[in-house]
1. Can you check what the net charge comes to around Trp94, using other residues whose Cβ is under 14 Å from the Cβ of Trp94 (Lys, Arg +1; Asp, Glu -1)?
2. If Lys and Arg each add +1 and Asp and Glu each add -1, what is the summed charge of the other residues whose beta carbon sits under 10 Å from the beta carbon of Asp171?
3. By its C-alpha gyration tensor, with a ≥ b ≥ c as the square roots of the eigenvalues, how is the chain shaped: rounded for a/c under 1.5, else prolate for a/b larger than b/c, else oblate?
4. In the neighborhood of Glu56, defined by Cβ-to-Cβ distances under 9 Å, what is the net charge if each Lys or Arg adds +1 and each Asp or Glu adds -1?
5. Tell me, what is the percent relative contact order of the chain, built from C-alpha pairs under 8 Å that lie six or more residues apart?
6. List, in the order given, every pair from Lys221/Lys292; Lys146/Lys180; Lys146/Lys291 whose Cα-Cα distance in the structure shown is over 24 Å.
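Rule-based calculations on the coordinates, nothing more; no lab input. Keep in mind it's a predicted model, so treat the numbers as computed, not measured. Neighbour counts run over all protein chains shown; Cβ positions are idealised from the backbone, glycine included.
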Amino acid sequence: MPACMLPSTDELNQSAINPLKNLDVWEDDVLERYPDPASIASDKSTEAYRNYDSPERDTVREFYRLNHTYQSYDFVLNKKANFLKFDKKEMPVWDAFQFLNQLVDDSDPDTDLDQFQHLLQTSEAIRRDGHPDWMVMVGLLHDMGKVLCLFGEPQWAVVGDTFPVGCAFSDKIVYPEYFKNSPDFDDERYNTKYGVYTPNCGLDNVHLSWGHDEYAYQMAKDYLPEPGLYMLRYHSFYAQHREHAYDHLMNEHDHEMFKCVDLFNPYDLYSKNPTPPDWNELKPYYETLVKKYLPATLKF
Ligand SMILES: [Fe+2]
Ligand SMILES: [Fe+2]
């Protein structure tokens, strides 16, 4: 069983490590925080997504407690040293999508679309709006990094809003109170406004909490244009692209590129639809697209 999924019966231990029923619970929570303005405007209520009394809310809180407690500066550097060697596995691209799809919610297989459907709905929404094909490619690839779960990584080291480490945590990050548990919170190397960084040093010089965004960016960085790479790398950095909490670390170029991150985000958040796209119809287009941008095999 993948590390991100919970067995139906047992193991306090496992639920202590991975509190979420599945990874989508995090994304559902993001959607509650940042509901689709289009559905609000058209009075197509977001009730379908909102469930404030849900016990899932407690699992999300516990998930962030773990995330904020353990995603320290040293933790991030260690994970980068390990996973950015890309020495775990090598797969043909389409096998990699199948591999990612092992992340299904075993306890509730019918309610959620699988990971590939989310990728396809994101990329199709981008395509429908006439964006360049590399952005469609970003849509299809953006959550590939979630395979980290299949390498035994806990949920809080794969998903969740990302944030800079090595400097003070912003109170604009979701559940900021849990940062008190971080070893970095009282460490004076890391707890000032700039910490180990300098003013407007540029995000490329800043370490963000470790997860599927950075991993997918590093995987794709030789194959996609720069705006697409920003979309991959920062798509979960809500504290910046929604809350603008880290302008002081960004340079001019980051600000320019974040227009692209802003453009991408609604496709990720608001493209979910219970009806899966017709893959057989779409397959030829995507086979050509993947051939155009990606090598025959992907390294993990
Ligand atoms: Fe994502
Ligand atoms: Fe996504």
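1. It works out to a net charge of -1.
2. -1
3. rounded
4. After counting each charged neighbour, the total is -1.
5. Once divided by the residue count of the chain, the mean separation gives 25 percent.
6. Lys146/Lys180
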